[in-house]
Amino acid sequence: MENIITIFSDFDGVLFDTLKEAFVLCRKVLCDVDFFEPIDEILYSKFYRYKYLVFNSWQYFYFMKTLLEFKNGSDNEFIQEYNKKLKSRDLKNEEFFESEFLRSRKYLLEQYPDFVDSLESKFVFFDKFVSLRNNPKYDIIIVSRKNNFAIQKRLLNNGVEGIKIIGKEELSPFIHKSEFISEYMNKNNINKAFFIDDNSHNLLPCENIPHLTCFLAGWGNIGIDEKGLSGEEIFNKILNI
């Protein structure tokens, strides 16, 4: 792919705001609360604040348990409680939770697409990103732990086709997104690429990949004390290399 610039982008938190969908799914699977019940705004505000700690769907199991059990305390205390749970993983219940989470997401998308639409909204950066798909100079790829079906559905609902998707299914052999990105770049002889994500856990392992520039999105679900770049800043950096 000589002279082609590859742009890898996360989906949730970078292209689409899907937090309410994730909250509704977690609440259903863990607490058996109906999808259509009103959202508890106090609990959701905590979900929104700390969601940056989650970068794989199985982690929602421990994240939601911490949210439900943690009444008052500092940010550091919440993080400590969450990390304690991660260190003593309950693999059986974790796997059941994740399978039900993904099954429920697929069910909602198939049976109640209008409801899912009401829970999600695209970020301004989405239009900037997809505007590059017809430019032969760029190879744009969505790299996300979200399942492929859900991403494809969202793109089609917005009239977007022709974008490569590396979803949960394709990423399953890799522990980190960085492993896929490195392998893809090596196989395709890519000498210029960008990776955009709103979670620094995904970006840090990529910092030593040759010819790859990483951008932390300043919107979405970045950490409490982090400050990323705006969509305009990232887009300009890509265009003005």
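Nothing in this text is a laboratory measurement; each read-out follows from the coordinates by a stated rule. In this text, all values refer to a predicted model and were calculated from it rather than measured experimentally. Positions of Cβ are generated from backbone atoms using ideal geometry, with glycine treated the same way; all protein chains shown enter the neighbour counts.
Brief remarks follow.
- Note on the stretch 19-118: the alpha carbon radius of gyration divided by the globular reference 2.2 N^0.38 Å gives 1.07.
- In the set [x] 45; [y] 39; [z] 35, the label that goes with percent of Cα pairs over 27 Å apart computed for this structure is [z].
- Footprinting exposure proxy ranking of Thr213, Thr18, fewest other C-beta atoms within 10 angstrom first, gives Thr213, Thr18.
- Among the GluC sites (Glu not before Pro) in the stretch 51-100, none sits in a DSSP loop with a Cβ that has at most 10 other Cβ atoms within 10 Å.
- Entry note, the stretch 1-138: relative contact order of 44 percent, from Cα contacts under 8 Å with a spacing of 6+ residues.
- Trypsin sites (Lys or Arg not before Pro), loop per DSSP, at most 10 other Cβ atoms within 10 Å - longest free stretch of the chain: 138-226
- When the pairs Lys122/Lys146; Lys65/Lys92; Lys128/Lys164; Lys46/Lys71; Lys84/Lys168 are compared against a 18 Å limit on Cα-Cα distance, Lys84/Lys168 fall above it.
- Centre-to-centre separation between the Cα atoms of the stretch 26-84 and those of the stretch 149-175: 26 Å.
- Net +/- balance of residues flanking Phe195 in space, Cβ distance below 11 Å, scoring K and R +1, D and E -1: -2
- 222 nm mean residue ellipticity, helices alone, for the chain (DSSP H n ≥ 4; -39,500 (n - 2.57); rounded to 500): -14500 deg cm²/dmol
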